Amino acid sequence: MKRIFVAIVLFGLSLVPGFAQTSNRLPEYKLQKAELEAHMRFLASDELMGRRTGEPGNLVAARYIAEQFRRYGLDNAPSLHSYMQTVPLEKMGALGKGDLFVGKDILRSGQDWILMSGGSSDIKAPLVYAGFGLENADKGWDDYKGLDVKGKIVLLQSGSPEATAPLEIITASDEKRRIAAEKGAVAVIEIFKAPVPWNFVTKFFGGERVALSPGGTPTTLPHAWVNGQEAKFTKMLRAVDEVRFQTTGRAVQTVNGYNVVSYIEGTDAILKDEYVLLSAHYDHVGVGKQGGQPYTPEDSIFNGARDNAFGTVSLLAAAQALAQHPPKRSVLLVALTGEEVGLLGSKYYASHPLLSLKKCIFNLNTDGAGYNDTSILAVIGLDRTGARAEIETASKAFGLDVVADPAPEQGLFDRSDNVSFAKMGIPAPTITPGFRTFDAELMKNYHQVSDNPETIDFSYLLKFSQAYAYAARLIADRSQAPQWSKGDKYEEAAKALYGR
């Protein structure tokens, strides 16, 4: 049935005057494998030291992308005077030593709990339970109602009534800390419970961390995650009225990251007021211990060819093709920083957009772990976001089939930058290199030091990039904007954003 549908779409397009004669003259067809390979070999080179957010190699990558935008003749975003959108960050040192004294029991740092934020401290104070530690006036709940937490340690549950995915549970934490600090608390203890192994949590969050800066002086409020998968710790904390919080703290410094942004004005007098947002993250995980996976003295650089130099090259290919022959709607291209450390670049952009999000009809994100099938591309959210026909048509044009959501059990839709825009209401799928299942072939280079340019199939990179660029064009040329599937969990956000 799917093949018949695609055939009908292609036949219909062939009836459009001039389509059959002109489609293969579009710039997408003229993209050169050698140029895309050159982009890949630079972005995933050892000299960029794994492109970790907040590190010099990441800034070199940002400058390289900006200069490609300049070379292709792209404009700055209308409200920006360069290609760089500053993303203020806090860079936090690795986990230090510490203990939580709970009655007669002692919880050890790095084993039973980890410090998520805060300087050196030795605090003994009353413990007050405040539910999730969140406020939402629009939905009529306030976990601090009737509580005085000034000068006290706040005990919280992780997540929120609406947060079910691990990433949502994790990202709610910063808001909890901010609210507790505003209310005068001296520390936060969060009972962290999510479908993530605790040893993974300690390994991933116990090392150097990067987070969005809340502005002003970095917070020194101690904030601990206690292993909530051990029920005994919850019972201990709920049974006492006072806790001693002792830690050597984590050093914090403010740094700047950058989203790299360019703009192509549309050709239609009316539709150009709307735009399609194209995105890919260009950061990776760095060097040595930063990478979180095995390495050797001979090779300690996590080059990130697949994740996500591959997507960044596709974004540059779309920039080149669409600049030469702009579509009807305008196009905003954003190379995002900080995805690997918590979707930071996309979160920041969604909160500080350079163009009205209400005018953004679609986000076409590209990201991935790698590929194990070069005859296809995969689309996470294909049937949720209203542009199946355009994506399939573009893929078929370059000899690729499309697989929708091949690993639903992985929750991939909410694990890449697209979700930052989906939460705002914008239809936002992610196009990823081809895979049908999470197997050893797919994962053998993912976040490994082996993920080097030499392992990339550059002919496939070309086809993928061409399909991505062409899909962006077809979506930007649609007469009607795509919409979320009825009943999708982000449909209400879209109604609020677009007023429909």
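Remarks
- All conditions in (1) surrounded by 16 or more Cβ atoms within 10 Å (Cβ to Cβ); (2) assigned to a loop (DSSP other than H, G, I, E, B); (3) modelled with pLDDT of 95 or more hold for THR267, with the sole exception of (1).
- Residue within region 63-84 that is polar (S, T, N, Q), closer than 21 Å to LYS193 by Cα and surrounded by fewer than 22 Cβ atoms within 10 Å (Cβ to Cβ) present: no
- Pairs with Cβ under 8 Å, 6+ apart, first in region 414-432 and farther than 18 Å from ILE391 by Cβ, second open to solvent by 10 Å² or more (accessible area, probe 1.4 Å) and of a type in the set (Lys, Arg): SER420/LYS347; GLY425/LYS495
- Residue within region 342-351 that is surrounded by fewer than 19 Cβ atoms within 10 Å (Cβ to Cβ), within 19 Å of LEU332 (Cα to Cα) and among the polar types (S, T, N, Q) present: yes
- With respect to (1) surrounded by fewer than 20 Cβ atoms within 10 Å (Cβ to Cβ); (2) touching a His at 6+ places or on another chain (Cβ under 9 Å), the lone exception for VAL188 is condition (1).
- One residue from THR312, THR234 being crowded, with 21+ Cβ neighbours inside 10 Å and part of a helix (DSSP H, G or I): THR312
- Hits in region 369-397 (condition: assigned to a loop (DSSP other than H, G, I, E, B) and open to solvent by less than 10 Å² (accessible area, probe 1.4 Å)): GLY370, GLY381, LEU382, THR385, ALA387
Residue-wise test of (1) modelled with pLDDT of 95 or more; (2) touching a helix residue (DSSP H, G or I) at 6+ places or on another chain (Cβ under 8 Å).
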{"position": "SER416", "(1), (2)": "yes, no"}
{"position": "LEU442", "(1), (2)": "no, no"}
{"position": "TYR460", "(1), (2)": "yes, no"}
{"position": "LYS463", "(1), (2)": "yes, no"}
{"position": "PRO482", "(1), (2)": "yes, yes"}
{"position": "GLU491", "(1), (2)": "yes, no"}
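- Residue in region 322-330 that is surrounded by 23 or more Cβ atoms within 10 Å (Cβ to Cβ), aliphatic (A, V, I, L, M) and at positive phi present: no
- Of all the criteria given as (1) without any contact (Cβ under 8 Å) to a residue 60 or more places away in the chain; (2) under 28 Å from PRO56 (Cβ atoms), the one not satisfied by THR234 is (2).
- Contact annotation: residue pairs with Cβ atoms under 7 Å, 6 or more positions apart or on different chains, pairing a residue in region 342-369 that is farther than 24 Å from GLN483 by Cβ with a partner that is basic (Lys, Arg) and in a helix (DSSP H, G or I), are GLY368/ARG306; ALA369/ARG306.
- A count restricted to region 398-432 and to residues that are surrounded by 24 or more Cβ atoms within 10 Å (Cβ to Cβ) and part of a strand (DSSP E or B) stands at 3.
- Which listed residue is modelled with pLDDT of 95 or more, closer than 30 Å to ALA496 by Cα and aliphatic (A, V, I, L, M), from LEU316, LEU322, LEU354: LEU354
- Here SER79 fits the description: under 28 Å from PRO353 (Cα atoms) and at pLDDT below 95.
- Filter result for the condition that a residue is over 20 Å from the mean Cα position of the chain (by Cα), assigned to a helix (DSSP H, G or I), modelled with pLDDT under 95 and surrounded by 15 or more Cβ atoms within 10 Å (Cβ to Cβ), over THR219, THR171, THR202: THR202
- The set of residues in region 85-108 being open to solvent by 40 Å² or more (accessible area, probe 1.4 Å), over 30 Å from ASP46 (Cβ atoms) and small (Gly, Ala, Ser) consists of GLY103 alone.
- Selection status of PRO297, over 23 Å from PRO88 (Cα atoms) and free of Cβ contacts under 8 Å to residues at least 12 places away in the same chain: yes
- Selection within region 107-145 - under 22 Å from PRO197 (Cα atoms) and in a strand (DSSP E or B): LEU107, ARG108, SER109, TRP113, ILE114, LEU115, MET116, SER117
- Subset of region 433-455 (residues that are part of a helix (DSSP H, G or I), over 22 Å from the mean Cα position of the chain (by Cα) and in contact (Cβ under 8 Å) with a residue 40 or more places away in the chain): GLU441, PRO453, THR455
The values are calculated or read from the model by the stated rules, or taken from the named source; none is laboratory data. All of these numbers come straight from a predicted model, not from anything done at the bench. Glycine also receives a Cβ, built like all others from the backbone with ideal geometry; neighbour counts cover every protein chain displayed. Protein only, heavy atoms only, side chains kept; ligands, DNA and RNA dropped before computing areas. Shrake-Rupley method; radii C 1.70, N 1.55, O 1.52, S 1.80 Å.
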